[in-house]
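Have a look at this one.
Each reported figure results from applying straightforward, stated rules to the coordinates on display, with no laboratory input. Just so it is clear, the structure is predicted and the values come from calculations on it, not from any experiment.
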Amino acid sequence: MKPPASFSALGSDFDAFLYATIGADRNGMPLSVVSALARMDLDPWHEAAGLADVSVDTATGKLTSLLAALSDPILTGPSPGITAARLIALLPRRLETNSRSPATKCGIAAAIHPPSRMNVILLAIYMILMLGTQFALMHRPPPAHAGTAHVPAPPAAASHAPPVAPGK
């Protein structure tokens, strides 16, 4: 089953984990991780991302407790810890270093979009420059003319006909 289009923006990195089978329910139907997490009123993609972001031991412990909380004992099998370890192995590889990049600490959205405070500062600087330019243009002195003499207007449309002699 393909996830809805709204989830495709989150990527398919977690598909192997989310669509893995945990076990069969009372009716013999296979139950996937995405279905089990949804039955617990948890966002499956958010939980998968959270599990992928922590160490393997921490992720296995958290998933073990979630599997143990399932209401159907058939699903958990003999050992929720073994099932959790199998499922955690399906998550994408994570960085095992203690020093994370700033983009990882702040999340992917912070790496893609600049902070909104910076946008406000840049907009304020732009507005100040534009208003300053308008102010300077409005208050500049009028241009100086070379002379104040009145320049006669150009003659009206002259015809190309020869002048008429008086008395004719």
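Would you kindly state how much longer the chain becomes between Asp25 and Met40 on full extension, computed as 0.36 nm times their sequence separation minus their alpha carbon distance, in nm to one decimal? Working shown, then result.
Details: separation 15, 0.36 × 15 = 5.40 nm, distance 1.47 nm.
The span from Asp25 to Met40 would gain 3.9 nm if fully extended.
Here's another thing I want to ask about it. Between Asp53 and Asp13, what length in nm is gained on full extension when 0.36 nm per residue of separation is reduced by their alpha carbon distance?
Result: 13.1 nm gained on full extension.
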